[in-house]
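Step one of this worksheet: look at the structure below.
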Amino acid sequence: MRLQNKIALVTGAGSGFGRGIATRFAQEGAKVVIADINEQTAKKVARDIGDSAIAVVADVSENSDVEAMIQQTVEQWGRLDILVNNAGTTHRNKPMTEVTEEEFDKIFAVNVKSVFLTAKHGVPLMKKQGHGAILNVASTAGLRPRPGLAWYNTSKGAMITATKAMAIELAPDKIRVNAINPVAGETGMLHLFMGEDTPEKRAQFVSSIPWGRLSLPEDMANAALFLCSDEADMVTGTCMEVDGGRCI
C-alpha cells in the first residue's frame, strides 16, 4: 500500500474532491481525518471508510477551529504526515462588480486564509517530525480564468503562488508542498461555476476541455495519492493540472 501507516488530514472531506481523496488515501493504508464544516457529511464519510477514519468538525477560516482540528489529529493518531487543503468555496458566476464584499471576504477566508492557518499550526509539527507533505487543491481557474468568476479565480491564483513559496521555504525541513489544479468537476459547486446547471451550460463547459468530460473526484484522488506518497520524494513546488488538457 502506497500510504501505509501515514496520517492524513483532509479538509472539506465531507463531499466532492475531498471525499474522493480521503477515501483513496484510506484504501492505500492511511489513517485519515475527515475535516468538514458539515458535521453530518463528515461523520458519514468517516463511517463509510471505517476504523481508519475519524470525523472532525472545523471551519478552516477560523484560527481556533484549525488549531483544534490539528490537535485532534495528533491526539488520535500521534502525528501529521499529510495535510490536504481541499476546503473551498466560490461565488456564483456573475460580473465581478456584482460580487458582494461579504462574498469576497468569505472566498479569501476559506480558499486562502485557510492555507495560512493550517501552515501556522501544522508546519511546526512537521518540522519537529523531520518530514511532511502538504497538498493544496487549487484550480485551473488560477491559470486560465473563466469569465464571471473573477474573485474565485484570484483566490486560486493566490493558492498556486502560496504553494511555490511554501515549497522553497520548507524544502530544507524535508516538507514537500504541491498543488493540483482541477478543471470543473462533478461536485456540489458546479452549478455556481456555471451560474445555472442546464444541459447547454454543461455542454459549454465540457467543450472547453479537450479530453471531453468534466473531472471526477477519482481523478483528483489519484493525482493527490502520487503527490502525497513517497514516490514523489523529489517533487515539490509542482502545481499539477488535472484538467483534461484545458490549460494547454
Would you mention how many residues in the stretch 112-133 are assigned to a helix (DSSP H, G or I) and touching a residue at least 60 places away in the same chain (Cβ under 8 Å)? 3
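Just give me the residues in the stretch 97-127 being of a type in the set (A, V, I, L, M, F, W, C), within 16 Å of S139 (Cα to Cα) and touching a strand residue (DSSP E or B) at 6+ places or on another chain (Cβ under 9 Å), in sequence order. First the steps, then the outcome.
Restricting attention to the stretch 97-127, the residues satisfying the condition of being of a type in the set (A, V, I, L, M, F, W, C) are 99, 104, 107-110, 112, 115-117, 119, 123, 125-126.
Next, only the ones that are within 16 Å of S139 (Cα to Cα) stay: 107-108, 110, 112, 115.
Passing the criteria: only V115.
Conditions (1) hydroxyl-bearing (S, T, Y); (2) part of a helix (DSSP H, G or I); (3) farther than 21 Å from L190 by Cβ, marked per residue:
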{"site": "E102", "(1), (2), (3)": "no, yes, yes"}
{"site": "V110", "(1), (2), (3)": "no, yes, no"}
{"site": "L135", "(1), (2), (3)": "no, no, yes"}
{"site": "G148", "(1), (2), (3)": "no, no, no"}
Tell me which of these P210 doesn't satisfy, since it passes every other one: (1) over 18 Å from A141 (Cβ atoms); (2) part of a loop (DSSP other than H, G, I, E, B). (1)
Find the residue count for the stretch 70-88, including only residues that are under 18 Å from the mean Cα position of the chain (by Cα) and either of a type in the set (G, A, S) or within 13 Å of A13 (Cα to Cα) (or both). 6
Of a type in the set (S, T, N, Q) and over 24 Å from K174 (Cα atoms), is that true of S229? no
Residues (out of contact with any Ser or Thr (no Cβ under 6 Å at 6 or more places or on another chain) and under 12 Å from R19 (Cβ atoms)) located in the stretch 50-90: A53, A55, V84
Of everything in the stretch 186-215, what is in contact with an Asp or Glu (Cβ under 9 Å, 6 or more places away or on another chain) and either β-branched (V, I, T) or surrounded by 16 or more Cβ atoms within 10 Å (Cβ to Cβ) (or both)? Give them in sequence order. L190, I209, L214, S215
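Coordinate-derived values only; no laboratory data. Everything numeric in this text was worked out from a predicted model, so none of it was measured. Because the Cβ atoms are built from the backbone with ideal geometry, glycine has one as well, and the counts that use them run over all protein chains shown.
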